[in-house]
1. Residue by residue through A:61-73, how many Cβ atoms from other chains fall within 10 Å of the Cβ on average?
2. Please name which of B:Ala255, B:Ala239, B:Gly216 has its Cα lying farthest along the dipole of segment B:183-261 towards the positive end, using unit charges on Cβ (Lys, Arg +1; Asp, Glu -1) and the Cα centre as origin.
3. Enumerate the amide H contacts of B:Ser44 below 5 Å, restricted to partners 5 or more residues apart or on another chain; note that Pro and chain-start residues carry no placed amide H.
4. Once you average over the residues of A:130-139, how many Cβ atoms of partner chains fall within 10 Å of each Cβ?
5. As an exercise, take the mean of 1/r over every pair of distinct alpha carbons in segment A:5-82, invert it, and state the Kirkwood radius in angstroms.
6. Percent antiparallel among DSSP beta bridges with both residues in chain A, to the nearest 5?
7. Could you run the numbers on buried accessible area between A and B, total for both chains, 1.4 angstrom probe, in Å² to the nearest 100?
8. Nothing charged except the Cβ atoms of Lys and Arg (+1) and of Asp and Glu (-1): what's the magnitude of the dipole of the protein assembly as shown about its Cα centre? Round to the nearest 20 debye.
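The values are calculated or read from the model by the stated rules, or taken from the named source; none is laboratory data. None of the values given here were measured: they were computed from a predicted structure. Neighbour counts are summed over all protein chains in view; Cβ atoms, including those assigned to glycine, are modelled from backbone coordinates with ideal geometry. All accessible areas refer to the heavy atoms of the entire protein, side chains included, with ligands and DNA or RNA removed. Shrake-Rupley method; radii C 1.70, N 1.55, O 1.52, S 1.80 Å.
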Amino acid sequence: MSAHVLDIVLSVNGDAVHERVDARKTLVDFLRDDLGLTGSHVGCEHGVCGACTVRVNGEIVRGCLMLAAQCDGAKIETIEGVSDSGAVADLQDAFEKRNALQCGFCTPGMILTAQELLTNGGATDRDTIREHISGNYCRCTGYHAIVDAIEAIAQTRGNK
Amino acid sequence: MKPAPFAYAKARSLDEAIALMGENDARLLAGGQSLIATLNMRLSAPELLIDINGIGGLDGIALKDGMVEIGALARHAAVERSDTVAKHAPLIARAMPHIAHPAIRNRGTFGGSIAFADPAAELPACLLALGGEIDAIGPKGKRTIEADDFFKGLFETALGPQDVLTAVRVPTATNGMRFGFAELARRHGDYAIVGLAAAAKADGKKLGDVRLAFFGVGETPIRANKAEAALAQGNVDNAVAALDLDPSDDAQATAAVKKHLAGVLLRRVTAQLLGREQ
């Protein structure tokens, strides 16, 4: 059966969500427009900038390159949920302390991307950190401060 | 931009996907990491997307009869993490980190990359360099297509309008084989300005059965046959001189720059093949 409008049931930041969506609606537009979760940003809309990064079933994805209709049954986590849980509080503090953001547009995507690397224990050196965040554009900082912040958290978490 | 309206269907079987493709102006939705970008930019506007992600059994990675078989729906991230690929298809393992970025590799599929056949993409060139083969299923049943016969033109393959790519196979690497991979991109993970995937048999200090597959320099990944022959003769300068690529200017570089960079990559990859990587 094909349809232009679909009913989907999914978990968003731990809450059960039932919504009716257009087939053509992207995940990030659904989160922002239908659920009011505007922490995920819409930048390039073709997978280049990383501002729309969210987690689907535990893995980071481009929110602009998945359809909301594909998320029926999925577990979605956005910057709002990850922030509220406290899981990235140290990383957020490090970004603030080191001026790793200026306008903040890229920051939610940057935090979620960095968190995946840190959780997987992959933030072993600056080159690896740079490679991992290569899909997230920041037009303010020049990246050095972002790499500093991620590296600092890799060290403090590693020492715990 | 936002996509033009389309209908969405979740196929539960290959038969269902094939039938749906026959009735509609449809596109298959696998990882969607290229397709949804083209929809968002309104570069394509199909009537129907057929989501094949729910079809079971298409995401395996396994050894089969001396070949490494990678299912169409295996995510790039799974291929990148696979011990089987690392051990038995090292060229592919070497190429994986160059494919886009982690968030895209979590979602994009191996089969999707081959079927989309972007001329600047890594995996079609790897498949060509390895002499791999592609399994497809359509209304008339299953068939297998050699990599050398698969890439027909710009985003054009041997797949018919109702064919579904189901798996890709490459020969298992043997001790005598050498592999090389290099690409130049403005940003790590972007499509290559020029790239090269290569395989050869190492015979003492000489190379045999050289297969050089360039990407980003034409409408398809391209074998450089004359350079292959020259390299088998043992002379990298002659091989570079024998490169007869005919790239077009694009947004990233002029044809002249691409041709120059192809020579640079050939020297680097030759060093890899000879075990003299700097």
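1. Going residue by residue through A:61-73 and averaging, the value is 6.
2. B:Ala239
3. Under 5 Å from the amide H of B:Ser44 lie the amide H atoms of B:Leu39, each far enough along the sequence or on another chain.
4. The per-residue average across the peptide is 4.
5. Result for segment A:5-82 stands at 12.0 Å.
6. On the way: 15 of 17 bridges.
Close to 90 percent.
7. It comes to approximately 2700 Å² buried between A and B.
8. Details: 45 positive and 54 negative charges, 219 e Å.
Its charge dipole is roughly 1040 debye.
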